[in-house]
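Here's the structure, in structure tokens; my notes come after.
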Amino acid sequence: MLALSNVQAFYGNIQALKGISLEIKEKEIVSLIGSNGAGKTTILKAIAGLMKPRTGEITFQGKEITNKSASEIVKLGISLSPEGRQVFPRMTVLENLEMGAFTRNDKAELDESFERIYALFPRLYERKQQTAGTLSGGEQQMLAIGRALMSKPRLLLLDEPSLGLAPLLVETIFQLIKEINEQGTTILLIEQNARMALMIAHRCYVLETGKIVLADEAKTLLESDAVKKAYLGE
Ligand code: ATP
């Protein structure tokens, strides 16, 4: 469904991605793990059109998207739920969700998306008139995911959905991610919480300083001594 081939990206003189090649198949959950600064967020930005690779190619459903704009990429079916609290803080929950649907104008389809999101996150329904900046961290995270789902993506990019959440809420968020996947959305997930990521992903890539150093089935990586030592704290 999605493929990156030898993608290199820079911030000024700093090379953040040093030739990344990876692929995601339809209906998979693929996770990207790696230490701080390894380049995980940069990969998502490159896919979403928020940062242009210097070299390499990104294709989505057989079409090259490397140089397409972020809004064209959303229209093609890729949507990003960014790290942390990057919701629109002065807008209400409802308005934030509406912003996520900027590519769509079919009223019936939109109502269906609202229903789907409120069914996944009843908390957002209860708080739809509340200003997003006053939501708790977990609620803002749910809103960021809900907003990304409003464009009805085929591929959902999730940047650290569990960041800063209490353990119980982390479980809830992961359960929801699984549910979203079971409803047919392909997922690329970045996680600091490597154990949780490996538990729900089908496959995983391990990234170190801009390079992929390991790629395998998640269950194989969960049992790998190198992964246990470096990422699972064992
Ligand atoms: P984390 O887990 O800490 O979020 P990450 O794996 O997502 O890290 P990236 O955010 O992709 O890492 O960053 C990769 C490298 O690029 C880092 O060395 C970072 O300092 C650098 N970088 C990221 N954004 C910028 C920027 N806007 N300007 C300059 N350097 C940047």
Hey, any hits in the stretch 5-20 for a residue that's part of a loop (DSSP other than H, G, I, E, B), more than 9 Å from the ligand (Cβ to nearest atom) and more than 21 Å from Lys68 (Cβ to Cβ)? yes
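Go through the residues of the stretch 26-49 one by one and say whether even a single one is open to solvent by 80 Å² or more (accessible area, probe 1.4 Å) and either away from the ligand (no atom under 11 Å from the Cβ) or more than 28 Å from Phe174 (Cβ to Cβ) (or both). Before the answer, list the steps.
First, the residues of the stretch 26-49 that are open to solvent by 80 Å² or more (accessible area, probe 1.4 Å): 26-27, 36.
Okay, now just the ones that are also either away from the ligand (no atom under 11 Å from the Cβ) or more than 28 Å from Phe174 (Cβ to Cβ) (or both), so 26-27.
Yes, the conditions are met somewhere in the stretch 26-49.
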Can you name the number of the only condition in (1) open to solvent by less than 10 Å² (accessible area, probe 1.4 Å); (2) over 30 Å from Asp106 (Cβ atoms); (3) under 14 Å from the mean Cα position of the chain (by Cα) that Ala194 fails? (3)
Cβ-Cβ under 6 Å, sequence separation 6+ or interchain: first residue in the stretch 214-234 and in the same structural domain as Leu198 (by TED's automatic domain parsing) and farther than 22 Å from Glu23 by Cα, partner open to solvent by 70 Å² or more (accessible area, probe 1.4 Å) and not aromatic (Phe, Trp, Tyr). Which pairs? Lys228/Glu234; Leu232/Arg195
Counting only residues that are polar (S, T, N, Q) and touching a Leu at 6+ places or on another chain (Cβ under 7 Å), which one in the stretch 20-58 is nearest to Leu156 (Cα to Cα)? Ser31
Could you check the stretch 175-191 and list, in sequence order, the residues that are within 13 Å of the chain's Cα centre (by Cα), more than 16 Å from the ligand (Cβ to nearest atom) and within 18 Å of Phe60 (Cβ to Cβ)? Asn181, Thr185, Thr186, Ile187
From (1) in contact (Cβ under 8 Å) with a residue 60 or more places away in the chain; (2) more than 16 Å from the ligand (Cβ to nearest atom), pick out the condition that doesn't hold for Pro89. (1)
Among residues of the stretch 50-77, those that are open to solvent by 40 Å² or more (accessible area, probe 1.4 Å) and within 16 Å of the ligand (Cβ to nearest atom), counted: 3
In the stretch 156-164, is there at least one residue being within 21 Å of Ala3 (Cα to Cα), more than 16 Å from the ligand (Cβ to nearest atom), in contact (Cβ under 8 Å) with a residue 40 or more places away in the chain and touching a strand residue (DSSP E or B) at 6+ places or on another chain (Cβ under 6 Å)? yes
Go through (1) within 16 Å of the ligand (Cβ to nearest atom); (2) surrounded by fewer than 23 Cβ atoms within 10 Å (Cβ to Cβ) one by one and return the number of the condition Arg203 breaks. (1)
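The values are calculated or read from the model by the stated rules, or taken from the named source; none is laboratory data. On a predicted model such as this, the values are computed, not experimentally measured, just so you know. Neighbour counts run over all protein chains shown; Cβ positions are idealised from the backbone, glycine included. Only protein heavy atoms, including side chains, enter the accessible area calculation; ligands, DNA and RNA are left aside. Shrake-Rupley method; radii C 1.70, N 1.55, O 1.52, S 1.80 Å.
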